[in-house]
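Notes for the one structure printed next.
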Amino acid sequence: ALPISQLDSDSKRYYQNGWRLLQQTDIADKRIDRIRTPDADVLHFSGSGSNANCALRTLRRMFSLAKEWDLMANVPKIKLREEAERSAIFTPEQEQAFLTKAPQPLRDVFLISQDSGLRPDEVVRMRWENVLWDKNLIFNPDGKTKKSRRHVPLSDRVRSLLRARVDGATGDWVFPSPRRKGSPMSYFLVAKDFTRTRKADRKS
């Protein structure tokens, strides 16, 4: 297991997900000093390029620690996969059809993502302090690069749904975890609901 106790909570979740993805591949059965660049190049992960890169960055972290602990002399180079830019794939009609079937909190996460350009995993980590009501902006403080730490627009319909949510809020998170007090909701819960809703929408 990765020694991640020194990391912040977001990094912990990131590497834990990366290890979950790696465990589903043949590489999980290999000794770390036997893993080479070609082994990583042929790994296949379901989902988007960002999903694959989560696993590959976790592997990089593992190599770095192994070298630090003198478990291996040379660290293989791990190439990241290309990540496609997020694009709007819903027409207004498709969006409305999706929203009629989407349960909460997926519905609100989807709307915020659509209007702001934030990724769903960024939306579920929103804190109330990052909603700048007077400036009609949402600040996204998370991310590995300066580009991902940014301000995004607060549309009228997102403002309305956030106003409804803040009235009953009892903590820091816009989407609090239903299981873990003081933590944000898991992105994977939303992802599962999204997949189910999309399937139901296509069948109708």
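The values are calculated or read from the model by the stated rules, or taken from the named source; none is laboratory data. This is a predicted model, so every value here is computed, not measured. Here Cβ is always computed from backbone atoms with ideal geometry, including for glycine, and neighbour counts include all displayed protein chains. Heavy atoms of the whole protein, side chains included, go into the accessibility calculation; ligands, DNA and RNA do not. Shrake-Rupley method; radii C 1.70, N 1.55, O 1.52, S 1.80 Å.
Quick notes on this structure:
- Remark: spin-label model distance D29-A73 equals 2.9 nm, labels positioned 7 Å along the Cα→Cβ axis.
- Accessible area in the full protein assembly, largest first, 1.4 Å probe, for K181, K199, K12: K181, K199, K12
- For the chain, the solvent-accessible area works out to 63 Å² per residue, with a probe of 1.4 Å and every protein chain left in place.
- Between amide H atoms placed 1.01 Å from N, distances below 5 Å from V174 occur with M126, R127, W128, all of them 5 or more places distant or on a separate chain.
- Range in the chain, longest, excluding exposed GluC sites (Glu not before Pro) [loop by DSSP; at most 14 other beta-carbon atoms within 10 Å]: 86-204
- For the chain, the longest principal axis of the alpha carbon atoms and the long axis of helix 49-68 meet at an angle near 40°.
- Converting phi to 3J(HN,Hα) with the Karplus coefficients 6.51, -1.76 and 1.60 and the offset θ = phi - 60°, segment 152-163 yields 10, x, 10, 6, 4, 6, 6, 4, 5, 5, 6, 4 Hz in sequence order, with x at every glycine or proline.
- Inter-label distance for A164 and E82, nm, one decimal - labels placed 7 Å from Cα along Cα-to-Cβ: 4.0
- Cα gyration tensor category, rounded, prolate or oblate, for segment 88-189 with a/c compared to 1.5: rounded
- Sulfur and carbon atoms: percent of accessible area, the chain [1.4 Å]: 49
- Remark on R150: its backbone amide H falls under 5 Å from those of N140, a criterion applied only to residues 5 or more positions apart or on other chains, H modelled at 1.01 Å from N.
- For segment 101-118, putting each phi into the Karplus relation 6.51 cos²θ - 1.76 cosθ + 1.60 with θ = phi - 60° gives couplings of 9, 6, x, 7, x, 3, 4, 5, 4, 4, 5, 5, 5, 4, 7, 9, x, 5 Hz, in residue order, rounded to whole numbers and with x for Gly and Pro.
- Cut-off of 10 Å, at most 16 other beta carbons, DSSP loop: longest stretch of the chain lacking such chymotrypsin sites (Phe, Trp or Tyr not before Pro): 91-204
- Each residue of segment 18-27 was assigned a 3J(HN,Hα) from its phi angle through the Karplus expression (A = 6.51, B = -1.76, C = 1.60, θ = phi - 60°), giving x, 5, 4, 5, 5, 5, 8, 10, 5, 5 Hz with x at Gly and Pro.
- Per residue of the chain, the DSSP helices (runs of n ≥ 4 H) give a summed -39500 (n - 2.57) that works out to -14000 deg cm²/dmol at 222 nm.
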